1. Kindly indicate whether any position in the stretch 17-26 is assigned to a loop (DSSP other than H, G, I, E, B) and over 30 Å from Tyr122 (Cα atoms).
2. Tally the residues that are within 23 Å of Ala92 (Cβ to Cβ) and either in contact (Cβ under 8 Å) with a residue 60 or more places away in the chain or in a helix (DSSP H, G or I) (or both), restricting the search to the stretch 109-145.
3. What do you reckon, is Glu146 outside the structural domain of Asp22 (by TED's automatic domain parsing) and within 19 Å of the chain's Cα centre (by Cα)?
4. Please determine whether any residue of the stretch 83-104 is assigned by TED's automatic domain parsing to the domain that holds Thr29, over 19 Å from Cys28 (Cα atoms), touching a Ser or Thr at 6+ places or on another chain (Cβ under 9 Å) and in a loop (DSSP other than H, G, I, E, B).
5. What number goes with the only condition from (1) in contact with a Pro (Cβ under 9 Å, 6 or more places away or on another chain); (2) over 15 Å from Glu9 (Cα atoms) that Trp63 does not pass?
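The values are calculated or read from the model by the stated rules, or taken from the named source; none is laboratory data. Just so we're clear, the structure is a prediction, and the values are computed from it rather than from any experiment. Counting neighbours? That spans all protein chains shown, and the Cβs are built from the backbone with ideal geometry, glycine included.
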Amino acid sequence: MARGYRPPEAVLTPGECTLAVDIWFTGCTFAEMLSGKPLFQGWNHDRLLTKILNVLGNQDYMWIRSEDSRNAIMSNYKPERKVPLMDKVPKASTSALDLLKKLLQFDPTKRIRAEEALRHEYLREYHNPENEPSAAPLPESSVNFESIEDMEKLKKAMYEEIMSYFPSSSTTGRA
C-alpha cells in the first residue's frame with residue numbers, strides 16, 4: 001500500500017485493521033481522481049498523520065485500543081494548519097465531497113461501508129444492486145508479513161499465501 005494511502009489504523013494499530021482499510025484507500029484514490037494529485041503526501045508515519053490531521057482536524061481517539069498509541073497521538077500530533085477538504089478538491093461537487101468525507105473518516109468504525117457507498121447520491125446513476133455481489137471476508141492470514149525481513153523469505157511466504165486460495169494447485173513449484 002502506498003504510504004500516502006495508508007489509513008490511520010495501519011499506522012496507529014497495526015494488526016488491528018479491518019475492511020475499513022479498503023474504504024480509506026478508496027477515499028484516497030477518489031480524492032486523487034478529483035484533484036489530480038495525492039491527498040496525503042507523507043514520507044514517514046509522523047508526517048503522514050500530521051497531513052491527515054491537517055485536513056480532517058482533531059479527532060476522537062477512543063477507538064484506538066492501545067493506551068500508549070492513543071496517548072502518543074493525542075500528545076504528539078496536532079494539525080499544523082487546518083486545510084479544509086473542499087480546498088484540497090476544489091472542483092468536487094457537493095455530493096462528491098460528502099462521499100469523500102464519509103470514505104475518509106479517521107475512526108475506522110465510523111467510515112461508510114462499501115454497500116452504503118454504492119447507494120450514495122454521488123454513485124446513484126451507477127448503482128445496480130443486481131450486479132453488485134458481496135462476499136464473505138477472506139480468512140485472516142497466519143503469516144505476519146511485516147516481520148519478515150529477508151526478501152526471498154517474504155516472496156516465498158507471499159507466494160504460499162496466495163496459492164493457499166487455490167487448493168488444486170501445487171505450492172511447491174512456480175507457474
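1. No - not one qualifying residue is present in the stretch 17-26.
2. Just the residues of the stretch 109-145 that are within 23 Å of Ala92 (Cβ to Cβ), to begin with: 110-127.
Of the ones still in play, those that are also either in contact (Cβ under 8 Å) with a residue 60 or more places away in the chain or in a helix (DSSP H, G or I) (or both) are 110-118, 121-126.
Within the stretch 109-145, residues that are within 23 Å of Ala92 (Cβ to Cβ) and either in contact (Cβ under 8 Å) with a residue 60 or more places away in the chain or in a helix (DSSP H, G or I) (or both) number 15.
3. yes
4. no
5. Failed condition: (2).
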